[in-house]
Amino acid sequence: MEKKNIDWSNLGFGYIATEQRFVSNYKNGAWEEGGLTTDSMVTISECAGVLQYAQTIFEGLKAYTTEDGRIVTFRPDLNAERMEQSARRLEMPVFPKERFIEAVRQVVKANAAYVPPYGTGATLYIRPYMFGSNPVIGVKPADEYQFRVFVTPVGPYFKGGVKPLTIRVSDFDRAAPHGTGHIKAGLNYAMSLHAIVTAHEDGYDENMYLDAATRTYVEETGGANFLFVTRDNKVVTPKSSSILPSITRRSLVYVAKEYLGLEVEEREIPVSELGEFAECGLCGTAAVISPVGKIVDHGREICLPSGMEHMGPVTQKLYDTLTGIQMGRLKAPEGWIYQIG
Ligand code: PLP
Ligand code: COI
């Protein structure tokens, strides 16, 4: 199979239409079998539930070319499970796990020419999503839904690749206690748009959101969880019921303990503790691990000792080990790598 003529090493995080995507519709209480299509357009009612009341959820995972030339994805079962949690919270039908994984497999396989070659730094981003498609005008769940999966080749989420980021403590909240912060609903991202646009205008790369109830504990950013490293090399990550349970973070916690022999604490992290850390990183599928060099809390500048030029040493080890597992350079824990081709 011949790869597309794309400048893989200079890709940003953007959308490039690929050849095939998967579509299945839900009607009369059941999912139709669904299948691949070349049609990238969606046609729905002007009154569709997703357009009126934002009834939409999504997932994000990646396909990689391994060192020995295979195409693999990373823990797609966990994306399927998280999408099930998201669907239940927004009163949407569950797209069954086995069918979710099979749809991902079909779309990646059909677009194999778009899976970036090994060593280019690019990957194939996979976006499964689901939305209410029939007319809804009183506030209630839709009766009909569409599940889709498309893929697009991507480079680094943050411009500049692995250059440390400057972030600020946001004055906006991302998620309320007992709200929807722990699921991957489009509405969580819509309400973060003003915060990210104003953060960029003010010269910051991202927002650090705090817990909405007390505004004293670190939660996450708009698209990634936090990992911190203490001065004595402990990995610390926020525990909260209103952050997204990142698959990357959960994997890194395992990697830190089992591959690197590090101590890991999952606990509440007060903002007042930020000055104590040696390293900070943002972790997620899109972010991988993006190092943070500086955190600004209303005029208080917290400069991480790892500096503005490089990732800290522990963050680097975590990054190398995780990407080593994903690209087939290191042995993966049982069940983490799902081979496609
Ligand atoms: N937090 C938020 C708000 C996200 O959007 C994402 C991205 O999916 C993550 C965290 C990271 O999750 P994962 O590692 O499963 O991609
Ligand atoms: C992901 O990492 O998959 C996400 O969905 C985050 C988003 C900011 C692109």
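The values are calculated or read from the model by the stated rules, or taken from the named source; none is laboratory data. Remember, predicted model here, so these are calculated numbers, not experimental data. Counting neighbours? That spans all protein chains shown, and the Cβs are built from the backbone with ideal geometry, glycine included. Side chains are part of the model used for accessible areas, which takes the heavy atoms of the whole protein and leaves out ligands, DNA and RNA. Shrake-Rupley method; radii C 1.70, N 1.55, O 1.52, S 1.80 Å.
Before moving on, here are some points about what is shown:
- Some residue of the stretch 76-85 being within 16 Å of ligand 1 (Cβ to nearest atom), open to solvent by less than 10 Å² (accessible area, probe 1.4 Å) and without any contact (Cβ under 8 Å) to a residue 60 or more places away in the chain: yes
- Within the stretch 52-76, the set of residues being closer than 14 Å to Ile247 by Cβ and either away from ligand 2 (no atom under 16 Å from the Cβ) or of a type in the set (S, T, N, Q) (or both) comprises Thr73 only.
Here is a yes/no grid of residues against (1) within 17 Å of Asn233 (Cβ to Cβ); (2) among the hydrophobic types (A, V, I, L, M, F, W, C); (3) more than 16 Å from ligand 2 (Cβ to nearest atom):
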{"position": "Ile269", "(1), (2), (3)": "yes, yes, yes"}
{"position": "Ser272", "(1), (2), (3)": "no, no, yes"}
{"position": "Phe277", "(1), (2), (3)": "yes, yes, yes"}
{"position": "Leu282", "(1), (2), (3)": "no, yes, no"}
{"position": "Thr285", "(1), (2), (3)": "no, no, no"}
{"position": "Val292", "(1), (2), (3)": "no, yes, no"}
{"position": "Val296", "(1), (2), (3)": "no, yes, yes"}
{"position": "Arg300", "(1), (2), (3)": "no, no, yes"}
{"position": "Glu309", "(1), (2), (3)": "no, no, yes"}
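- Residue list for the stretch 181-233, filter: more than 13 Å from ligand 2 (Cβ to nearest atom) and of a type in the set (D, E, K, R): Glu201, Asp202, Asp211, Arg215, Glu219, Arg231, Asp232
- Any hit, the stretch 91-103, residues being within 16 Å of ligand 2 (Cβ to nearest atom) and buried (at least 22 other Cβ atoms within 10 Å of the Cβ): yes
- Every condition in (1) farther than 28 Å from Thr152 by Cβ; (2) crowded, with 24+ Cβ neighbours inside 10 Å; (3) charged (D, E, K, R) holds for Glu220 except the one numbered (1).
- Strands (runs of 3 or more DSSP E) fully within the stretch 150-240 counting 2 or more residues that are under 28 Å from Met311 (Cβ atoms) and free of Cβ contacts under 8 Å to residues at least 40 places away in the same chain: 235-238
- Exactly one residue out of Gly299, Gly281 is open to solvent by less than 50 Å² (accessible area, probe 1.4 Å) and out of contact with any Cys (no Cβ under 7 Å at 6 or more places or on another chain), and it is Gly281.
- Test: Tyr15 is under 16 Å from Pro128 (Cα atoms), within 16 Å of ligand 2 (Cβ to nearest atom) and of a type in the set (Ser, Thr, Tyr): yes
Condition check ((1) within 16 Å of ligand 2 (Cβ to nearest atom); (2) basic (Lys, Arg); (3) in contact with a Leu (Cβ under 9 Å, 6 or more places away or on another chain); (4) at positive phi) across all residues:
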position: Ser86; (1), (2), (3), (4): yes, no, no, no
position: Val108; (1), (2), (3), (4): yes, no, yes, no
position: Ala113; (1), (2), (3), (4): no, no, no, no
position: Tyr118; (1), (2), (3), (4): no, no, no, no
position: Leu124; (1), (2), (3), (4): yes, no, no, no
position: Pro141; (1), (2), (3), (4): no, no, yes, no
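- Within the stretch 280-298, the residues that satisfy the criterion of being more than 9 Å from ligand 1 (Cβ to nearest atom), aliphatic (A, V, I, L, M) and under 20 Å from Asp171 (Cα atoms) are Val292, Ile295, Val296.
- Qualifying residues in the stretch 302-320 (those that are under 23 Å from Leu330 (Cα atoms) and not in a loop (DSSP other than H, G, I, E, B)) - the one most open to solvent (accessible area, probe 1.4 Å): Lys317
- The residues of the stretch 34-51 that are open to solvent by 60 Å² or more (accessible area, probe 1.4 Å) and farther than 15 Å from Met130 by Cα, listed by number, are Leu36, Thr38, Asp39, Glu46.
- Tyr259 satisfies every condition listed in (1) open to solvent by 10 Å² or more (accessible area, probe 1.4 Å); (2) more than 8 Å from ligand 1 (Cβ to nearest atom); (3) over 20 Å from Tyr319 (Cα atoms) except (3).
- All positions within the stretch 259-275 that are over 24 Å from Ala212 (Cβ atoms) and acidic (Asp, Glu): Glu263
- Residue count for the stretch 1-48 under the criterion of being over 17 Å from Asn111 (Cα atoms), small (Gly, Ala, Ser) and over 24 Å from the mean Cα position of the chain (by Cα): the result is 5.
- Of all residue pairs spaced 6 or more apart or on separate chains, those with beta-carbon atoms under 6 Å, a first member in the stretch 249-261 that is touching a residue at least 12 places away in the same chain (Cβ under 8 Å) and of a type in the set (Val, Ile, Thr) and a second member that is open to solvent by less than 20 Å² (accessible area, probe 1.4 Å) and within 16 Å of ligand 2 (Cβ to nearest atom) are Val255/Leu322.
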